[in-house]
């Protein structure tokens, strides 16, 4: 009786709509698995060769720049004369700018630690695992309220500690987010930005803040770490 019954195999990928599935497989049939993923390539040679080419192009470009422009070296170090201001290398000027705003423990340890932990943990939030855009009909009203409460609280704290160098990029990113939320465009760059998840926007804010802190520490800080204009005589 079992041999005369036609039983077709099936496969369903709707884990949310059909969380329980039963598949009957006869000796003459097999499960039909549909794979919609794109074409796969090996790390070698496809990835490693491209990385080697980019590395060689970068080294060549840096060598050409070094031949055309001299390094901005200062005079010989004098242990009896401390420069004012004493600036760290450019890649640490962002942290040095934070030290101007926050206490050493907060700027040198607490904030960098929280930033590293956040960059590791945030991508695993549910809104990012599902790939849901920040502004979409799928995001809950509660999420929107929590997001804006966090943003407003962050701005209040930054204003309270007079951290204007951090407020500028924060307001810039938040203003862009607000404009995207109010926009009704369906095509173009605005639509592409609206499709970005929360983790992308947090990373954008982090990069914009780090970049602006480095720029301010490099060109806008003079003696006593006071504000100067780049074209002034005291710019470091």
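Derivation of every value follows stated rules applied to the coordinates shown; laboratory data play no part. Source: prediction; values computed, not measured. Neighbour counts run over all protein chains shown; Cβ positions are idealised from the backbone, glycine included.
Tabulated results
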| quantity | calculated |
| --- | --- |
| Sites residue 182 and residue 157, calculated FRET efficiency, Cβ-Cβ separation with R0 25 Å, nearest 0.05 | 0.45 |
| Distance in nm between pseudo-label sites at residue 150 and residue 61 (7 Å out along the Cβ direction from Cα) | 3.4 nm |
| Tail beyond 15 Å, pair distance distribution of the stretch 33-108 (Cα, percent) | 78 percent |
| Span from the the stretch 153-171 Cα centroid across to the the stretch 44-86 one, whole angstrom | 33 Å |
| Computed Kirkwood radius, in angstrom, where 1/r is averaged over Cα pairs of the stretch 99-223 | 16.1 Å |
| Which of 144, 70, 162 has the fewest Cβ neighbours within 10 Å, and the rest in rising order | 70, 162, 144 |
| For the stretch 99-223: relative contact order, % (alpha-carbon pairs under 8 angstrom, 6 or more apart) | 33 percent |
